[in-house]
Amino acid sequence: MSFSAAIHRRLHWLNLPGALLIALLQRTPIIRVAASAGNFVLSSTAGNVLKAAATTLGALGAVHSMAGATTLSASTPSPASGTVGAVFNTVVFSVKGAQSAASSWTVNGGVPPGLSLKAYGSTTTGVTSGLINNASTLQLDGTPTTAGQFLVSLTAWESAGAKNTSTTFTYVINIAAAPNSAPTISTQPTAKTVPVGGTAQFIAAVSGSPTPTLQWFKGSTAIAGATSTILTISGATSADAATYTLVATNSQGSATSNAVTLTVTGGVTAPVVMTQPTSITAAAASTAAMFTVVATGSPTYQWRKNGTAITGATNETLSFASLAAADTACYDVVISNSAGTTIGGPATLLVTSPYSAYLSNLAVRTTLSANQILIVGLTMSGGKKDVLLRAAGPGLGALGVPGTMADPKLALYNGSAQVALNDNWQGNTAVSSAISTVGAFAFPSASSLDAALVANIEGGRTVQVSGPAAGNVIVEAYDAGSGNSTRLTNLSALNFVGTGGDILIAGFTVAGSGSRNLLIRAAGPSLGALGVPGTIADPKLELFTASGSRIAENDSYAASLNTIFNSVGAFGFVANAKDAALIVSLPPGGYTVQVSGADGGTGAAIVEVYELP
């Protein structure tokens, strides 16, 4: 549209650009213009014209804007989509409809975590809010880390943060959660070699959804606190030389990295036993008995007797100037240096001599379920002898023990043949006399439902105790005769080993004078090899005095004891099984053997006490 000179003169005072006049003519109904015959008539005042013009241009989006009707141009129309953990498809932004290009942009937030904006083609780090200068075009890229819908607010400027602006544009981005997937070790760690005192670092990369948890292992042992993709070992020693792996786990599964080796050069290496101590059997009072061990690595030594450190025994050799019965035991030596620890032995020392002491009593206290059977074994050597056998429930309760078995039953077997049976003792005269002779605790009355009998025994016998209702019970076998030429040479008990108060506890008594060499065993795995079901996997044996002092313990038996097992007719242990055994020499008195799971496990076990020469 064009205007005559007259019109230009008449409207010059309005000081309005031609574009505005055209807008007024085309869009504002309250203005009437007569453009013919050189006449131009306005029905409103100048103020009304300006007000209407401002209103109209505001509706057009042209007030305080970059010249022209601006719109946001995006290479991907809004809304854009992405996925957590996946590289986002780059979106390019520019302004269309502007007479002059944008020179800078303002980002007002809403950018998804993991994404950023920067000038198109720039190599600088992007931003998530604030001003981006010297940018006519923007690019949005990165890898999103959080799911959700995000609203990105953008404003374009004609110059660097000043002068005219575009309208504020809102761009929608939808980020989906990553699909669930099992862990993958995308970057494997590599082997390292460092000098002593150096720093080694294993680095891995892991993917998976949900985000996996991580755990580094040294061999098969988890390393405390090592739960990131980087494992750093500072001040490396020879003890750090090992194989390392990273295990990543989530709800979809787990993945294990390649095993990598850390080699530590120079410095001290862990001790290695070159010569093991040798077992000894010798008569009392013989001299020059000695255990010797040879190990590499300039270590320190600490000898132990049945698991207890021997004061002052810190050399390569352990010498006995004059052997005594009390020296009978299993011996080993802890060998250590700054790089590690190893064990020398164990080896056994059996000091033989004529003895007048003998086994006179076995007692097993336990909790039985209804009709569960406790089996006790005993062997009488040298001839026949009376033995008092008891299964006390009510009598035990009379001593203050709670929850005792109401009516225990006792049966005696020779092999598979039952040779004697008692349910209720009923004041039996022979039993009463034997109780008095051996010093056993008295039953509360002749009518108590305890079980007891006296049997003349030669050779091996077993006792089976059970009851129709559950409860605590004590089973006892007493040597009720006189002298020790005929004596009990083996006592045993087979029962379930639980935890806490339900471990297997057996008591025995050494009578006479002098001392008695004994082999004490707790078998689980090797008992299972004989066909007994549900045996305990790793029994631990502890020996206590009557006053409660621990005098010996063993977790895994010494292979050198196999010869002694054979000498007393005990069944053999399976090689490398975690059965327990030890030898001791004990003076007269009462003793208690406790059998528990070394690893907290439970199961059937047999505890055995054998007389040794």
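Derivation of every value follows stated rules applied to the coordinates shown; laboratory data play no part. Model, not experiment: these values are computed from the prediction. Here the Cβ is made from the backbone with ideal geometry for all residues, glycine too, and neighbour counts use every protein chain on show.
Remarks
- Excluding same-chain neighbours fewer than eight residues apart, the lysines reachable from Lys578 by a Cα-Cα span under 16 Å are Lys540.
- Taking the C-alpha atoms only, the angle from helix 18-27 to the longest principal axis of the chain is near 80 degrees.
- Calculated on the Cα set of the stretch 402-543, radius of gyration then Dmax: 16.7, 45 Å.
- Note on the chain: dipole from Cβ charges, positive end direction compared against Asn562, Gly82, Leu323; the farthest Cα belongs to Gly82.
- Each helix, a run of at least 4 DSSP H residues, gives -39500 (n - 2.57); summed and divided by the residues of the chain, these come to -2500 deg cm²/dmol at 222 nm.
- Among Lys192, Lys96, a tally of other beta-carbon atoms within 10 Å of each Cβ gives an order, fewest to most, of Lys96, Lys192.
- Order by protection proxy (mean Cβ within 10 Å, highest first), peptides 462-472, 524-534: 462-472, 524-534
- Those lysines that a straight Cα-Cα span of less than 18 Å connects to Lys218, excepting residues fewer than 8 apart in one chain: Lys192
- Put simply, when 347-353, 580-586, 73-79 are sorted by average Cβ atoms within 10 angstrom per residue, most first, you get 580-586, 347-353, 73-79.
- Only lysines eight or more places from Lys96 in sequence, or on another chain, were considered; those with a Cα closer than 24 Å are Lys118, Lys163.
- Dipole magnitude for the chain: about 2940 debye, using +1 per Lys or Arg Cβ and -1 per Asp or Glu Cβ, origin at the Cα centre.
- Pair Thr190, Ala177: separation of 7 Å Cα→Cβ label points (nm): 3.8 nm
- Thr314 paired with Ser129, simple spin-label distance in nm, labels 7 Å along Cα-to-beta-carbon: 6.6 nm
- Residue among Ser445, Gly219, Tyr301 farthest towards the positive dipole end of the chain, charges placed on Cβ: Gly219
- Across the chain, Cα pairs under 8 Å and at least six residues apart give a relative contact order of 10 percent.
- Of the peptides 321-329, 515-523, the ranking by mean beta-carbon count within 10 Å, highest at the top, reads 515-523, 321-329.
- Sites matching chymotrypsin sites (Phe, Trp or Tyr not before Pro) across the stretch 440-501 that sit in DSSP coil, with at most 16 neighbouring C-beta atoms within 10 Å: Phe441
- Structure-derived semi-axes √(5λ) of the Cα gyration tensor in Å: which label, when the choices are [x] 36, 34, 22; [y] 37, 29, 25; [z] 98, 33, 16: [z]
- Counting every other Cβ atom within 10 Å of each residue's Cβ, Ser432, Ser369 order from fewest to most as Ser369, Ser432.
- Neighbour-count ranking [beta-carbon atoms within 10 angstrom, fewest first] of Met380, Met290, Met405, Met274: Met274, Met290, Met380, Met405
- Radius of gyration and maximum dimension Dmax of the stretch 383-486, Cα, Å: 13.4, 40
- DSSP finds beta bridges in the stretch 273-352, and of those with both partners inside it, around 85 percent are antiparallel.
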